[in-house]
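Quick notes on the structure that follows.
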Amino acid sequence: MVLNNIEQLLEKYENGETSLKEEQQLKDYFSQETVAPHLEMYKPIFCYFLVNHQEQFTKHVPLKTKKVFNYKWLSVAAVTVLMVGFYLNNEIKEKKEIALAEQQLKESLALVSRHFNKGVSQINYLETLEVAGKQVAYLDEMNDPLGRIFKNN
């Protein structure tokens, strides 16, 4: 009867339906010296479970709580920051230089414009002299009526 019970427990064990008590019964049965000959193949499995259950890990495992900082990436980041800084600094300097050049150009053009306006005002005076000269020439023609007649022919 015990053998029938063990065979039923083995069938349940193979199907994964046994409880912990039933598995303990199987381990107890297969740890005995005498086991039914047709069940001898199960003995190494359950003996392994008994031996494995008694084993303990005794080796010391150090826990690494300290993280290792990778300084290679720190140097890469520092070089990147420096390069970006130099680039932006050059861009700012170039913009300041361009703004300064524009300001100097405006001042130079304003100076040229002032001097040009002075010259234009002097030319306006010459135009009045030219108009007066034309009027004097017309008066000369009025004094010489014969010259006017012969000139038109």
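The values are calculated or read from the model by the stated rules, or taken from the named source; none is laboratory data. The structure displayed is predicted, hence computed values, not measured ones. Note that we place each Cβ from the backbone using ideal geometry, even for glycine, and neighbour counts take in every protein chain shown. Accessible surface areas use protein heavy atoms only, side chains included; no ligands, DNA or RNA. Shrake-Rupley method; radii C 1.70, N 1.55, O 1.52, S 1.80 Å.
Points worth noting:
- Test set (1) modelled with pLDDT under 80; (2) exposed (fewer than 10 other Cβ atoms within 10 Å of the Cβ) - His38 fails condition number: (1)
- Just one residue in the set Glu17, Glu22, Glu55 is modelled with pLDDT of 80 or more and open to solvent by 70 Å² or more (accessible area, probe 1.4 Å); that residue is Glu17.
- Single condition Val68 does not satisfy, out of (1) in a loop (DSSP other than H, G, I, E, B); (2) at pLDDT 75 or above: (2)
- Cβ pairs under 9 Å, 6+ apart, first in region 30-56 and touching a residue at least 12 places away in the same chain (Cβ under 8 Å) and more than 14 Å from Ile6 (Cα to Cα), second open to solvent by less than 90 Å² (accessible area, probe 1.4 Å) and in a loop (DSSP other than H, G, I, E, B): Cys47/Ser31; Leu50/Ser31
- Verdict on Glu94 being among the charged types (D, E, K, R), in contact with a Leu (Cβ under 7 Å, 6 or more places away or on another chain) and either open to solvent by 90 Å² or more (accessible area, probe 1.4 Å) or within 30 Å of Leu3 (Cα to Cα) (or both): no
- For region 4-14, the set of residues classified as surrounded by 10 or more Cβ atoms within 10 Å (Cβ to Cβ) and either among the acidic types (Asp, Glu) or more than 19 Å from Cys47 (Cβ to Cβ) (or both) consists of Asn5, Glu7, Gln8, Glu11, Lys12, Glu14, listed by residue number.
- Whichever residue in region 1-39 is charged (D, E, K, R) and in contact with a helix residue (DSSP H, G or I) (Cβ under 6 Å, 6 or more places away or on another chain) and, among such residues, is nearest to Gln54 (Cα to Cα): Lys27
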